[in-house]
Amino acid sequence: MTETLTLRRPDDWHVHLRDGDMLAAVAGYTARQFARAIVMPNLSPPVTSVAAAESYRNRIRLAVPEGMDFTPLMTIYLTDDSDPDEMARGHEKGVFTAAKLYPANATTNSAAGVSDIANLGKVLERMERIGMVLCVHGEVTDPAVDIFDREAVFIDRILTPMVRDFPALRIVLEHITSEQAAQFVADAPPNIGATITPHHCIINRNAMFAGGMRPHAYCLPVAKRERHRIAVRAAATSGDSSFFLGTDSAPHARGAKESACGCAGIFNAPYAIETYARIFEEDGVLDRLEGFASEHGAHFYGLPLNEETITLRRSDAVVPDRLDGDLVPFMAGETPGWSLD
Ligand code: NCD
Ligand code: ZN
């Protein structure tokens, strides 16, 4: 059995770093593992301008512990009124790596998101022309659609027409959770990719109800049936370069999770790469981890591969029940089986 595993340093193509005290608490977890991360713009208020993104990027840089080399890649939060010129200016200036589409009210801090995709015509047309990546939260918000079907219905109602109308647009369907999403991306041309979280490879929807309500297993898109978990995990470990690492680490204070109306989000940053290593090892394809974690995403975004490496070592370390006082990490009480040097 391999005792150590050395990989090209990975990137996280979808993370919530938050702001203020939470940013200060969590930035180091991401920065110690990942060279770069696509940082989600769903702050309150959301990051909708070049100035706001530059200022947020500075706050992130200040929050990263001394000696860690980490590049935050910023995103612009799209709204019904997004100005294509402001977006393109930020892209040109190297501030915006991507734009983020939240359907209005789909998830945490998405109230200012897009209420009708028709409002984005000019924005998507410009993105297609300048080659800017669109990151998509792929769930419809129609209350008539069952929550477990919202990703599949989004693919039919929104994504399929979008790909038809903007065939050259580079789209990342984020944090996929269903066999429909895995199949759609596998069949799509190479300008369509997807990120996959560690939790959606490990838990199915039963995890939210195991012996009682389990708010720390609740995130959006919500975990689905076992058959979907298997399909998503198979996509992650397939070696197909359309699929790449995106943790969707989404910390919320414990009280905001353990509540009558608990927030959606799983905080997996502290042991993310260790957890992915366990998934690939269990599936007998540890040799494909590096592609998924460190290469496919960079190729998709047209960015250089990281030159440095990280080393994971076999370990019995147990994920703590709490971190930073009040955060409950994914895999609390469990043993990923690896530790980052
Ligand atoms: C995210 C958050 O808390 O910001 N929550 C989540 O469940 N993933 C938002 C999101 O990515 O949907
Ligand atoms: Zn997210």
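3J(HN,Hα) along the range 168-185: 9, 5, 8, 10, 10, 7, 8, 5, 5, 9, 9, 5, 4, 5, 4, 5, 4, 6 Hz, from the Karplus curve 6.51 cos²θ - 1.76 cosθ + 1.60 with θ = phi - 60°, whole Hz, x for Gly and Pro. Highest mean packing first, where packing is the average number of other Cβ atoms within 10 Å per residue, the peptides 112-119, 141-148, 4-11 line up as 4-11, 112-119, 141-148.
Net length available on complete extension from residue 83 to residue 2 is 24.0 nm, with 0.36 nm assigned per residue and the Cα-Cα distance removed.
Identify the residues of the range 303-334 with backbone N under 15 Å of a label point that sits 7 angstrom from the Cα of residue 341 along the Cα-to-Cβ direction, or state none. Residues 308-315 qualify, since their backbone N sits under 15 Å from the label point. For the range 27-38, backbone phi angles converted through the Karplus equation (6.51, -1.76, 1.60; θ = phi - 60°) give residue-by-residue couplings of 4, x, 5, 6, 5, 6, 9, 9, 6, 9, 8, 7 Hz, Gly and Pro being listed as x.
Summarising the amide proton neighbourhood of residue 193: residues at separation of 5 or more, or on other chains, whose placed amide H is nearer than 5 Å comprise 171, 172, 173. Over the range 183-238, Cα pairs under 8 Å with separation of 6+ residues give a relative contact order of 37 percent.
Dividing the mean sequence gap of close Cα pairs (under 8 Å, 6+ apart) by how many residues the chain holds gives a relative contact order of 18 percent.
The fraction of accessible area contributed by carbon and sulfur in the range 217-292 is 47 percent, rounded to a whole number (1.4 Å probe; ligands and nucleic acids excluded).
Under 5 Å from the amide H of residue 263 lie the amide H atoms of 257, each residue being 5 or more positions distant or on a separate chain, with H modelled from the backbone and absent for Pro and chain starts.
Under a 5 Å amide H cut-off, with hydrogens placed 1.01 Å from N, residue 96 pairs with 91 among residues at least 5 apart or on other chains. When only the Cβ of Lys, Arg, Asp and Glu is charged (+1, +1, -1, -1), the dipole of the range 4-340 relative to its Cα centre reaches about 260 debye.
Over the range 4-340, the Kirkwood radius and the radius of gyration, each from Cα atoms, give a ratio Rg/Rh of 0.93.
Across the options 74, 204, 298, the greatest Cα extent toward the positive end of the charge dipole of the chain (unit charges at beta carbon of Lys, Arg, Asp, Glu) belongs to 204.
What separates the Cα centres of the range 67-136 and the range 191-243 is a distance of 25 Å.
Rounded to the nearest whole Å², what accessible area per residue is found for the chain with the 1.4 Å probe? Please list the in-between numbers first.
Numbers: 13560 Å² over 341 residues.
For the chain, the solvent-accessible area averages 40 Å² per residue.
For the range 267-273, 3J(HN,Hα) computed residue by residue from phi via the Karplus equation (6.51, -1.76, 1.60; θ = phi - 60°) reads 9, 10, 4, x, 10, 5, 5 Hz, glycine and proline entered as x. One chain, two ends: residue 93 and residue 44. Fully extended at 0.36 nm per residue, the span grows by 15.3 nm beyond their Cα-Cα distance.
The values are calculated or read from the model by the stated rules, or taken from the named source; none is laboratory data. Small disclaimer: the values here were computed from a predicted structure and weren't measured. Using ideal geometry, Cβ is built from the backbone for each residue, glycine included, and neighbour counts are taken over all protein chains shown. The protein model used for the area step is the full one, side chains on, heavy atoms only, and it has no ligands, DNA or RNA in it. Shrake-Rupley method; radii C 1.70, N 1.55, O 1.52, S 1.80 Å.
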